[in-house]
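Asks: Below is the structure I would like to discuss, written out as structure tokens.
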Amino acid sequence: SAVISQKPSRDICQRGTSLTIQCQVDSQVTMMFWYRQQPGQSLTLIATANQGSEATYESGFVIDKFPISRPNLTFSTLTVSNMSPEDSSIYLCSVDWGSGYTFGSGTRLTVV
Amino acid sequence: QKEVEQDPGPLSVPEGAIVSLNCTYSNSAFQYFMWYRQYSRKGPELLMYTYSSGNKEDGRFTAQVDKSSKYISLFIRDSQPSDSATYLCAMSQVYNNDMRFGAGTRLTVKP
């Protein structure tokens, strides 16, 4: 399976600031996915990132709040902008590796 | 009603017990059913994958799908402390596309 390096693993941020999360995959993949995992809630897809095109956002998520970059087939970033305490969550990137999704280890974000 | 319902637990069992984890769903179009295991401070990892109804066994793990009842289960035999994790069910209409996840059940296996 693919190996995903995600960083930072955790951060504590002030409200109103932005945080960029990076994911590096050890193989070329067409699509990368960004999820949010809130305590006691289902994994929620934020957006799908294809190389060379704009990311596709799910209902309830907008580009101004969660801009995504996908400069090549092995790398993507998700920025959480103008953060509020409600953005405190775990953020995960993942790729479709044929036999299920492979996930990064997650970024635990706390906004104070 | 949520599309996928999963009891969050927590579930605590003694070592060696048989564990039963379950999810119900509302969308009859789901065809692909998966179980992911997530250790603390790690991302989910695929444990089992089943297409349509029936059983699938892999070592100590058995996945069951009952589409008529919209109910899926994961059984863990001879549970070990290393099985302590959160287990998430996931399902989709098309393989690996638009997956819907349950909230996860936290399992602790005590030595």
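Asks: Here is a check on your reading of the model: is B:LEU88 within 11 Å of chain A (Cβ to nearest Cβ) and in a strand (DSSP E or B)? Spell out the reasoning first.
Replies: Values: within 11 Å of chain A (Cβ to nearest Cβ): yes; in a strand (DSSP E or B): yes.
Yes; evaluated as a whole, the condition is true for this residue.
Asks: Moving on. Which of the residues belonging to the range A:79-100 are away from every other protein chain (no Cβ under 14 Å), under 13 Å from the mean Cα position of the chain (by Cα) and not small (Gly, Ala, Ser)?
Replies: Of all residues in the range A:79-100, those away from every other protein chain (no Cβ under 14 Å) come to A:79-88.
Then drop every residue that is not under 13 Å from the mean Cα position of the chain (by Cα), which leaves A:79-81, A:87.
Residues satisfying the conditions are A:THR79, A:VAL80, A:ASP87.
Asks: Further question: With the requirement that a residue be in contact with an Asp or Glu (Cβ under 7 Å, 6 or more places away or on another chain) and either part of a strand (DSSP E or B) or over 15 Å from A:ASP96 (Cα atoms) (or both), what does the range B:91-101 give you? Spell out the reasoning first.
Replies: So in the range B:91-101, the residues in contact with an Asp or Glu (Cβ under 7 Å, 6 or more places away or on another chain) come out as B:92, B:96, B:100.
Passing the criteria: B:SER92, B:ARG100.
Asks: Another question, if that's okay. Going through the range A:8-39 one residue at a time, which ones are among the β-branched types (Val, Ile, Thr) and under 10 Å from the mean Cα position of the chain (by Cα)? Reasoning before the result, please.
Replies: At the first step, the residues of the range A:8-39 found to be among the β-branched types (Val, Ile, Thr) are A:12, A:17, A:20-21, A:25, A:29-30.
Of everything in the range A:8-39, those that are among the β-branched types (Val, Ile, Thr) and under 10 Å from the mean Cα position of the chain (by Cα) turn out to be A:THR20, A:ILE21.
Asks: Identify the residue in the range A:101-112 that is within 13 Å of A:ILE21 (Cα to Cα) and part of a strand (DSSP E or B) and, among all such residues, is farthest from the other protein chains (Cβ to nearest Cβ).
Replies: Within the range A:101-112, the first condition is being within 13 Å of A:ILE21 (Cα to Cα), and the residues that meet it are A:104-109.
If we keep only those that are part of a strand (DSSP E or B) too, we end up with A:107-109.
On the way: A:THR107: 10, A:ARG108: 8, A:LEU109: 13 Å.
Here the answer is A:LEU109.
Asks: So, one more: Looking at A:SER5, A:SER42, can you tell me which residue is within 20 Å of B:LYS42 (Cα to Cα), small (Gly, Ala, Ser) and under 14 Å from the mean Cα position of the chain (by Cα)? Even if it seems obvious, please write down each step before you answer.
Replies: Details: A:SER42 fails: under 14 Å from the mean Cα position of the chain (by Cα).
The match here is A:SER5.
Asks: Quick test for you: out of B:LEU21, B:LEU47, pick the one residue that is closer than 18 Å to A:GLY40 by Cβ, out of contact with any helix residue (DSSP H, G or I) (no Cβ under 6 Å at 6 or more places or on another chain) and either among the hydrophobic types (A, V, I, L, M, F, W, C) or without any contact (Cβ under 8 Å) to a residue 24 or more places away in the chain (or both).
Replies: B:LEU21
Asks: Residues A:SER5, A:SER76: which one is touching a Cys at 6+ places or on another chain (Cβ under 6 Å), in a strand (DSSP E or B) and among the small types (Gly, Ala, Ser)?
Replies: Values: A:SER5 fails: touching a Cys at 6+ places or on another chain (Cβ under 6 Å).
None of the others qualify; the one that does is A:SER76.
Asks: Run down B:GLY9, B:GLY54, B:GLY16, B:GLY59 and say which single residue is touching a residue at least 24 places away in the same chain (Cβ under 8 Å) and away from chain A (no Cβ under 14 Å). Walk me through how you get there before you give the answer.
Replies: Values: B:GLY9 fails: away from chain A (no Cβ under 14 Å); B:GLY54 fails: touching a residue at least 24 places away in the same chain (Cβ under 8 Å); B:GLY59 fails: touching a residue at least 24 places away in the same chain (Cβ under 8 Å).
One residue alone meets the criteria, B:GLY16.
Asks: Quick one: would you say B:VAL65 is over 20 Å from A:PHE33 (Cβ atoms), buried (at least 17 other Cβ atoms within 10 Å of the Cβ) and touching a helix residue (DSSP H, G or I) at 6+ places or on another chain (Cβ under 9 Å)?
Replies: Numbers: over 20 Å from A:PHE33 (Cβ atoms): yes; buried (at least 17 other Cβ atoms within 10 Å of the Cβ): yes; touching a helix residue (DSSP H, G or I) at 6+ places or on another chain (Cβ under 9 Å): no.
When the stated conditions are applied, B:VAL65 does not pass them.
Asks: Those residues that are touching a Lys or Arg at 6+ places or on another chain (Cβ under 8 Å) and within 13 Å of chain A (Cβ to nearest Cβ), I need them from the range B:25-43; list them, please.
Replies: The first filter runs over the range B:25-43 and keeps only residues touching a Lys or Arg at 6+ places or on another chain (Cβ under 8 Å), leaving B:25-28, B:30, B:41.
Those that are touching a Lys or Arg at 6+ places or on another chain (Cβ under 8 Å) and within 13 Å of chain A (Cβ to nearest Cβ): B:TYR25, B:ARG41.
Every number here is computed from the coordinates shown, using simple stated rules; none is lab data. These numbers come from a predicted model, not from an experiment. With ideal geometry, Cβ positions are generated from the backbone for all residues, glycine too; neighbour counts draw on all protein chains shown.
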